[in-house]
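The values are calculated or read from the model by the stated rules, or taken from the named source; none is laboratory data. If you're wondering where the values come from, they're calculated on a predicted model, not measured in any experiment. All Cβ positions, glycine included, derive from the backbone under ideal geometry; neighbour counts span all protein chains shown.
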Amino acid sequence: MENMKIYRARKINSLEEEVRIKSNPSCELGKVPIKFAQNNRFSPVGISYGYFALDETTAIKEIRAKSGDKIAIEKFEITNKLKLIDFRLQSMKKKVNIFNDDLDISLYCQQQFIQEFLQDISKPIEDADQQLEYIPTQIMAEYIWHLDIDGFLFDSSQNDNGVNLVIFENEYKYIKFKEIVI
């Protein structure tokens, strides 16, 4: 994946935050500095990954913006060729005939596990449940990162047709940002 546009959105909660974003948008809207990294679906406290969407609408929906919210949307470009795993459910679907004599049942079971896992990583999680619910996906992300993979694509939990991207390192460049009110 190279020369692809990706997006990240952030709610603007105060004038101070707005000034900070305008003064340094690539830093404020890019990957979170490690000292501010919180518990997320794929990264625990103190680990910073870049969370992006492949389109603006998904980026906005992922931050759960409500009517009247002021948000900043940043557009980035992936300039290097990245090694990514495609965890989108549609990419992983495969029709299997379990009555076929040539079926390797262990591979079938692995595929079923992966499909169920993919549904889990894309489901919405309530704030109160995040700490426990995020542990399996955080372990999976760390494992993938240690395999020398740059990141992965997965289905959005907030936008039915949306796709998100996690990038482990800063493998993107700032293009521009804009502010909008929902």
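For the range 44-74, which positions are within 18 Å of L153 (Cβ to Cβ) and either out of contact with any strand residue (DSSP E or B) (no Cβ under 8 Å at 6 or more places or on another chain) or modelled with pLDDT of 90 or more (or both)? Talk me through it step by step, then tell me what you get.
Looking only at the range 44-74, we keep the residues that are within 18 Å of L153 (Cβ to Cβ), and these are 49-59, 61-62.
If the condition is that a residue be within 18 Å of L153 (Cβ to Cβ) and either out of contact with any strand residue (DSSP E or B) (no Cβ under 8 Å at 6 or more places or on another chain) or modelled with pLDDT of 90 or more (or both), then F52, A53, L54, D55, E56, T57, T58, A59, K61 are the ones that fit.
Summed over the range 48-64, residues that are in a loop (DSSP other than H, G, I, E, B) and touching a residue at least 40 places away in the same chain (Cβ under 8 Å) total 5. Here is the figure for the range 76-87: residues that are part of a strand (DSSP E or B) and surrounded by fewer than 17 Cβ atoms within 10 Å (Cβ to Cβ) total 3. Residues of the range 136-168 that are more than 17 Å from D86 (Cα to Cα) and either touching a residue at least 24 places away in the same chain (Cβ under 8 Å) or under 13 Å from the mean Cα position of the chain (by Cα) (or both): Q158, N159.
Selection within the range 116-127: residues that are farther than 19 Å from I85 by Cα and charged (D, E, K, R). The member of this set that is modelled with the highest pLDDT is E126.
Taking the range 145-168 only, how many residues are exposed (fewer than 14 other Cβ atoms within 10 Å of the Cβ) and in a loop (DSSP other than H, G, I, E, B)?
Just the residues of the range 145-168 that are exposed (fewer than 14 other Cβ atoms within 10 Å of the Cβ), to begin with: 146-148, 160-161.
Adding the requirement that they be in a loop (DSSP other than H, G, I, E, B) leaves 147-148, 160-161.
Residues meeting the conditions: 4.
Restricting attention to the range 5-37, the residues being surrounded by 15 or more Cβ atoms within 10 Å (Cβ to Cβ), part of a loop (DSSP other than H, G, I, E, B) and either modelled with pLDDT of 85 or more or among the small types (G, A, S) (or both) number 3.
Does any residue of the range 131-148 turn out to be among the aliphatic types (A, V, I, L, M) and under 22 Å from K5 (Cα atoms)? The answer is no, given that none of the residues of the range 131-148 is among the aliphatic types (A, V, I, L, M) and under 22 Å from K5 (Cα atoms).
For the range 128-155, a residue qualifies if it is closer than 28 Å to S26 by Cβ, out of contact with any Lys or Arg (no Cβ under 7 Å at 6 or more places or on another chain) and either among the polar types (S, T, N, Q) or at pLDDT below 85 (or both), and the qualifying residues are Q130, Q138, A141, E142, I144, W145, H146.
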